[in-house]
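Beneath this line is the structure, given in structure tokens, with notes to follow.
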Amino acid sequence: METIVFSTLNGVLYGLLLFMLSSGLTLIFSMMGVLNFAHASFYMLGAYFAYAIGATTGFWAAMLLAPILVAGVGALVERYGLRNVHRHGHVAELLFTFGIAFLIEEIVKLIWGRNPVPYSPPAVLQQPLFTLWGTQYPSFRVFMMIVAVLMFITLWLMLKKTRIGLIVQAALTHPHMVGHLGHNVPLVFMGVFAVGCGMAALAGVIGGALLVTDPAMALTLGPIVFVVVVVGGMGSLGGAFVASILIGLIQTFAVAVDASLSDLLARFGVMVSNRSDLGRITLAQVAPMLPFLLLVLVLIFRPRGLMGARES
Amino acid sequence: MSRTSTLRTLAVWVAFAAVLLVLPMVFTSRTSLTVMNVMGIWMVFALAYNMLLGQSGMLSFGHAVYFGLGGYAAIHLIVAIKAQRLGIPVFAVPLVGFMAGMAAGALIGWFSCRRSGTPFAMISLGIGELVAAAGFMFVSVFGGEEGISGDRSAGPRIFGLTLGPQIHVFYFIAFWMFVSTLAMWAFTKTPLGRLANAVRDNPDRVAFIGYDPQRIRFLVFLISGGFAGLAGALSAVNFEIINPETLGAQGSGAVLLMTFIGGAGVFYGPIIGAAIITFMQSMLSDFTKVWQLYLGLLFVVMVLFAPFGIGGMVARILGAVKRGELAEKLPGWLLGTLGGLTAFFGAVMVIEMAYRIREGGRPFRAFGRDFVHTSPLNWLLAGIIVAAGIAIVTIAVRWRQRGTLGAALRFREVAP
Amino acid sequence: MTRIDRRQFVGSALAATALTGMPALAQGEPIRIAYIDPLSGPFANVGDNGLKQFQFEAARINASGGINGRKMEVVGFDNKTNPKEAIVQLEKAIDQGFRFVSQGNGSSVAAAIIEAVDKHNERNPNQSMLYLNYAAVDPAFTNDKCSFWHFRFDADADMKMAAMTDYLKGLANIKKVYIIGQDYSFGKAVADSAVAMLKIKRPDIEIVGNELHPLGRVRDFVPYITKMRAAGAQAVITGNWGTDMTLLIKAASDTGFNVPFLTYYGGGLGAPTAMGKSAIGLVKQITEWHANIENIGMDQVVTDFKKLHNLDYYYFRVKVMFDMLAAAMKKANSSDPKAVALALEGLEIDTPTGKAMMQKENHQLIQPLYISTFAENVKFDLENTGFGFKTDVRIEGPATVTPTTCRMQRPAA
């Protein structure tokens, strides 16, 4: 019981962090067809900006300012970089974002050094909120959940209820038609890219404080964000949400299970020594790799993702 | 193919072989031999990679998997040669690497080649992550973090090469590099090679004329995996050690970088890219700690302004020579190069001075002058140099677009 | 290439002179050590810190007159934490006339260097190289894979575990221990030796969990902490380093899981900053030294190094290594690698923390070890955090000796 409750809680929490990170990428990917390799780098920039700004203004102002600044950076990257590369095709775009990710990491190292920086949540949020079976649950984690859910709702309402949202939604599925109707599609693209980066930065402001803020943080989270986007499906915010939570839960529950392959095979009457390489591997051990397995399986058997509207 | 062009092609290959033979006599030091050996390995790998990227339009983020598996097959064989006295020369080990890479390609390509474009890239990324992680878990096959090491000087000899000294390894790698380059070049001339280009450009039309694009992608993938495996085997012989890191994202990223910077559009592009990046990796770190930043900068600038790569530039120059337009185009190109170099120098100044703000150390020195990062004047100077460089490049580009230098110097284009 | 070499050489010589602030008094060619560690990439901070300390120690030796009238010089080579690149850099170093190499970060790199040095010395007996390992702790290097050309100046993973379990022997109230580590050779070695040694020293301790997780891939360790709590763990043993360790500690502290964490790298570069307040009282480390050992005369060194580089003095063993090297070269009256290696075997010197002895049979340094706890209000803090380590217990050198399976093959005289 205890394990199930905590695993669910932890899984949802991790899933929500993934969602915050990947929701922006889903928008960008579905609209522009660009799998932005640098997305996690904007997440990192968010954390570092919040650390730098927070030193003078405090956490709350930084939480507001850092995403806006990163969104500005994102807009510049789109306007002066991505847009020019666009005519060379998707491969060039992918490579460009690959290079940008590389550059951002190096620049972060140049400015803030190669060691982690001491960036932590404000004291108010560091106290435990409640205690369950002896385990404290820190308020910062709950705060993170609230922010993620709020972000999801706001984004959802914006897309569904506002005029801008309507245009963006239309551009998600029929970019050319939207252009023909006289909307400034490049501007919409730039806006979406900027907002997407801003959302990644918000995730960074929170994720950096929750986890660790160092130059490797983008690299370690980057690939998993793709998994979420691809598994969730093109153009589907809901899909990204479901995929994030799913991946969070899968990973967390797998950690809690100690069964190994030899146990599993034993059920079918096949005996494998649990000292051998294959036999000794437990589900818990491979938990962090499961998302990649999911990615490959989804791409093979259901290429449009869980809730995707179309194939890419 | 006409007789003269056949002759010319032949001459190019003979010259290539001659250069390979003579190179170690020109660059005799240990360091240069080591670096050239590594270059040779990467050249084969990058050429194999370009069969996918340049020739078939398949972007892979996990090609190091085949490189690494080929390397593992090779190192296991090398160990066996010594332990079991197999009587197989180490010289022939790359063939096993080729087969291992091909087998792995057959297994993974069987499902991943059903997709193209971004899904294919994503599958390759996922597979790459999975295989790399598995490499650390299965100690008996991959030797854990420390990998598996062997002794290349065991077993029978071929051409009198013991493979002990560096120079022997050089000729070993040079031989296999030459053979695989020739084979891969020949491949581009086969019907399958041509069809691969067609699949890249328009898969639907290929399907209409009765070929199955999936099947073509799969076949190319097989062969590319094979040559990647061969490169892995070369690496196993050269370093006499291979570890799971070889399978990981770093190698996959590096080969992509090399191929692209070298130029995916021309056959010899990856060769140039491999040479340049390997040199940067091994030697640049002696001069600056932030060499990776320069690499990133180079890459982004290339993607933005020269997506055809260095090989593409060479091809353009050669084309201009052929068409007799060199005299006309050269001044613009030279001006552009000048501007690029100026801007680059300014960027170097900014980066080196910025690095010293945090890390200290001796001031950045160039042209016999120290540029101290604490002086605002130097920062201003760096800014001016960058701006001037960009301005020169802009003029050079406009020169080409507008025809005359005078027109290029005007702010607005005057309608004729 | 030669032009590059010369310029590089002149540059580094200048740097060394500038560092010592002394005119070149010593005669003859300097004794040069190639420092082959990451100077770029994710572990560059660690490598860079090490290089500065190497140069600091070389300058100290030079200031006291050098060795046999020759100066010492350390030149950095960037191996990017990659075994293959390390071999390329090693070849470069050999080419430039280096006869001593040193490396410490990453057992995979160390294994590659041992292999490469062995083969090089076999193929080029007149140009032999000596490898001084200052931090790669895989026990195999002084056991099954031991080499005449390799000397280790850090206690290996098994020795540290022996010390750790000795410490646990004194804590009778701990009955349940959880082991967690990164899923690669080092993590496994730590787990295996913990299981083996606990069985001997504290048979009453129950190992309630023995977990491996992929290296550097886990972002949120709270699920693991939940598991530890459910298992009733009263202490945790971990060989984790880098973010895998800081995230583990953060998760434990966030969820109020306050049990001692016995770590290998609790004081590793960047960890005190990343863990911050959360680690106080929780994290214990096992090292050969830390800055807050009182009355051993190291305070001035720590202060000087901090003033010079704004970095913490971390590798006490590098100081020991340089002193031993100097003693061996004086004893042999030579700087030939083979003569130095023979002189190093069985050599014993006095260090501020006590006696340090190089075992002849496996080339492993035996020195006292300390278990210390992350704490507030210390004399010397780490990374300007205000926190540092306080000694719990000192373990004498002989107590850390573990039996070796090494069968050393010495070159013919």
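Things to note:
- Among the residues of the stretch C:217-232, just one is over 17 Å from A:Leu13 (Cβ atoms) and open to solvent by less than 10 Å² (accessible area, probe 1.4 Å), namely C:Met228.
- Some residue of the stretch C:254-262 being out of contact with any strand residue (DSSP E or B) (no Cβ under 9 Å at 6 or more places or on another chain) and closer than 16 Å to C:Ala135 by Cβ: no
- The residue list B:Leu10, B:Leu23, B:Leu47, B:Leu69 contains one member that is open to solvent by 30 Å² or more (accessible area, probe 1.4 Å), closer than 30 Å to A:Leu35 by Cβ and assigned by TED's automatic domain parsing to the domain that holds B:Thr118, which is B:Leu69.
- Segments classed as helices (runs of 4 or more DSSP H), wholly inside the stretch C:195-292, with at least 2 members that are at pLDDT 85 or above: C:222-231, C:243-254
- Residue count, the stretch C:303-321 (criterion: basic (Lys, Arg) and within 9 Å of the chain's Cα centre (by Cα)): 1
- The condition (being open to solvent by 10 Å² or more (accessible area, probe 1.4 Å), more than 12 Å from chain C (Cβ to nearest Cβ) and more than 17 Å from the chain's Cα centre (by Cα)) is satisfied by just one residue among B:Ile223, B:Ile272: B:Ile223.
- Residue within the stretch B:332-349 that is open to solvent by 30 Å² or more (accessible area, probe 1.4 Å), within 14 Å of another protein chain (Cβ to nearest Cβ) and part of a helix (DSSP H, G or I) present: no
- Filter pass, B:Phe120 being more than 14 Å from chain C (Cβ to nearest Cβ), in contact with a Cys (Cβ under 9 Å, 6 or more places away or on another chain), in contact (Cβ under 8 Å) with a residue 24 or more places away in the chain and not in a loop (DSSP other than H, G, I, E, B): yes
- Pairing residues of the stretch A:174-199 that are within 23 Å of A:Ala40 (Cα to Cα) and β-branched (Val, Ile, Thr) with residues that are surrounded by fewer than 21 Cβ atoms within 10 Å (Cβ to Cβ) and at pLDDT 80 or above, at Cβ distances under 7 Å and at least 6 apart in sequence or on separate chains, gives A:Val188/A:Ile167.
- Hey, C:Lys277 more than 13 Å from chain A (Cβ to nearest Cβ) and of a type in the set (Lys, Arg) or not: no
- Hey, B:Leu247 in contact (Cβ under 8 Å) with a residue 24 or more places away in the chain, open to solvent by less than 10 Å² (accessible area, probe 1.4 Å) and within 18 Å of B:Gly101 (Cβ to Cβ) or not: yes
- Scanning the stretch C:83-119 for residues that are part of a loop (DSSP other than H, G, I, E, B) and under 18 Å from the mean Cα position of the chain (by Cα) turns up C:Gly104, C:Asn105, C:Gly106.
- Residue that is farthest from the other protein chains (Cβ to nearest Cβ), among those in the stretch B:253-269 that are surrounded by fewer than 24 Cβ atoms within 10 Å (Cβ to Cβ) and within 30 Å of C:Val117 (Cβ to Cβ): B:Ala254
Residues checked against (1) closer than 27 Å to A:Thr8 by Cα; (2) outside any helix (DSSP H, G or I):
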{"position": "A:Phe140", "(1), (2)": "yes, no"}
{"position": "A:Ile153", "(1), (2)": "yes, no"}
{"position": "A:Trp156", "(1), (2)": "yes, no"}
{"position": "A:Leu159", "(1), (2)": "no, no"}
{"position": "A:Ile164", "(1), (2)": "no, no"}
{"position": "A:Ile167", "(1), (2)": "no, no"}
{"position": "A:His176", "(1), (2)": "no, no"}
{"position": "A:Gly179", "(1), (2)": "no, no"}
{"position": "A:His183", "(1), (2)": "no, yes"}
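- Restricting attention to the stretch A:70-118, the residues that are more than 30 Å from B:Met58 (Cα to Cα) and within 10 Å of chain B (Cβ to nearest Cβ) total 7.
- Where helices (runs of 4 or more DSSP H) fall wholly inside the stretch B:254-329, the ranges with 2 or more residues that are touching a Leu at 6+ places or on another chain (Cβ under 7 Å) and outside the structural domain of B:Phe187 (by TED's automatic domain parsing) are B:291-305.
- When residues of the stretch B:123-170 are limited to those that are touching a residue at least 60 places away in the same chain (Cβ under 8 Å) and under 19 Å from B:Gly40 (Cα atoms), the one farthest from the other protein chains (Cβ to nearest Cβ): B:Leu161
- Answer from A:Met151, A:Met145 - the residue that is away from chain C (no Cβ under 14 Å), open to solvent by less than 70 Å² (accessible area, probe 1.4 Å) and in contact (Cβ under 8 Å) with a residue 60 or more places away in the chain: A:Met151
- Only one entry of B:Phe136, B:Phe172, B:Phe187, B:Phe142 meets the criterion of being in the same structural domain as B:Val35 (by TED's automatic domain parsing), within 30 Å of B:Pro89 (Cα to Cα) and in contact with a strand residue (DSSP E or B) (Cβ under 7 Å, 6 or more places away or on another chain), and that entry is B:Phe172.
- Residue within the stretch B:61-78 that is in contact with a helix residue (DSSP H, G or I) (Cβ under 9 Å, 6 or more places away or on another chain), more than 23 Å from B:Leu222 (Cα to Cα) and either at pLDDT below 90 or within 14 Å of another protein chain (Cβ to nearest Cβ) (or both) present: yes
The values are calculated or read from the model by the stated rules, or taken from the named source; none is laboratory data. Values in this document were obtained by computation on a predicted structure and should not be read as measured data. Cβ atoms come from the backbone with ideal geometry, glycine included; neighbour counts cover every protein chain shown. Areas reflect the complete protein model, heavy atoms only, side chains present, ligands, DNA and RNA absent. Shrake-Rupley method; radii C 1.70, N 1.55, O 1.52, S 1.80 Å.
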